[in-house]
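I have placed the structure first, in the form of structure tokens, so that the comments after it can refer back to it.
The values are calculated or read from the model by the stated rules, or taken from the named source; none is laboratory data. If you're wondering where the values come from, they're calculated on a predicted model, not measured in any experiment. With ideal geometry, Cβ positions are generated from the backbone for all residues, glycine too; neighbour counts draw on all protein chains shown. Each accessible area value is taken on the protein alone, full model and side chains, heavy atoms only, with ligands, DNA and RNA left out. Shrake-Rupley method; radii C 1.70, N 1.55, O 1.52, S 1.80 Å.
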Amino acid sequence: MPERVAELAARLRAIDWAYEGDELHRRSRIALMREHLHRGERWARHLGFRGSGPFLTLPDLIAPGVRADLVVVRGVLDTVPGLDLSPTSRACAAALHFAALHDAEVPLPALPDPYEPLVLLFERGGGFGIDCSGVFIELGSVAVPRGRREGKLRNASLAPMDHTALDDLDMPDDR
């Protein structure tokens, strides 16, 4: 199995999907979702898409013929609760296919990995949903607006990409 796909599949299979780190990891999960939306918008703009929504399946747009092994994808999705069509399941599959782009050495722009914030979010408390209106992304008892942010996109990260720094973000203000 190609290296990046194998590493990501192992990370995704190790997630405790029953755990919802709502209280303990609320701030970091919100920051990570916002980071994912930010990165997705940067990728969409780079690929020439405008107003196309935050959940483009980037591997389909970049190299539709390059895919992670379907047995590996199915093995991961079998660990994710809910329907195969849930936003979390679709994001896991897209992240695996994106890793396959790296393994296949598909030329990619020098943009940050759009799926790493989601993987960290999953590791910090399970998946996410979309509310029935389609306007909000649900992270346990909190909701993040799904719509893209207006204004100039920044190159700076909106959230740290390591668990120690994310733990600091989750610390109470009164410490």
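Over all orientations, the stretch 41-135 has a Cα convex hull whose mean projected area works out to 6.7 square nanometres. A simple charge model with +1 on the Cβ of Lys and Arg, -1 on the Cβ of Asp and Glu and nothing else charged puts the dipole of the stretch 1-147 at about 440 debye relative to its Cα centre.
Over the C-alpha atoms of the chain, the Rg to Rh ratio, Rh being the Kirkwood estimate, stands at 0.94. Potential lengthening of the chain between Arg90 and Phe49 amounts to 12.8 nm, from the contour at 0.36 nm per residue minus the alpha-carbon distance. Once Lys and Arg get +1 and Asp and Glu get -1 on their Cβ, which of Ile137, Val71, Leu12 lies farthest toward the positive end of the dipole of the chain? The Cα lying farthest towards the positive end belongs to Ile137.
In order along the stretch 134-141, phi translates into HN-Hα couplings of x, 8, 10, 9, 9, 10, x, 8 Hz, rounded to whole numbers, per the Karplus curve 6.51 cos²θ - 1.76 cosθ + 1.60 with θ = phi - 60° and x for Gly and Pro.
In whole percent, how big is the carbon plus sulfur part of the accessible area of the chain, probe 1.4 Å, protein atoms only? Display every interim value, and only then the final one.
Numbers: 5000 of 9210 Å².
Solvent-exposed carbon and sulfur of the chain make up 54 percent of the total.
The Cβ shell under 10 Å around Pro160 holds other residues with a net charge of -4, Lys and Arg each +1, Asp and Glu each -1. Averaged per residue, the chain has 53 square angstrom of accessible surface, using a 1.4 angstrom probe with ligands and nucleic acids left out.
Sites count as exposed loop sites when they are GluC sites (Glu not before Pro), lie in a DSSP loop, and have at most 14 other Cβ atoms within 10 angstrom; the longest stretch of the chain without one is 24-104.
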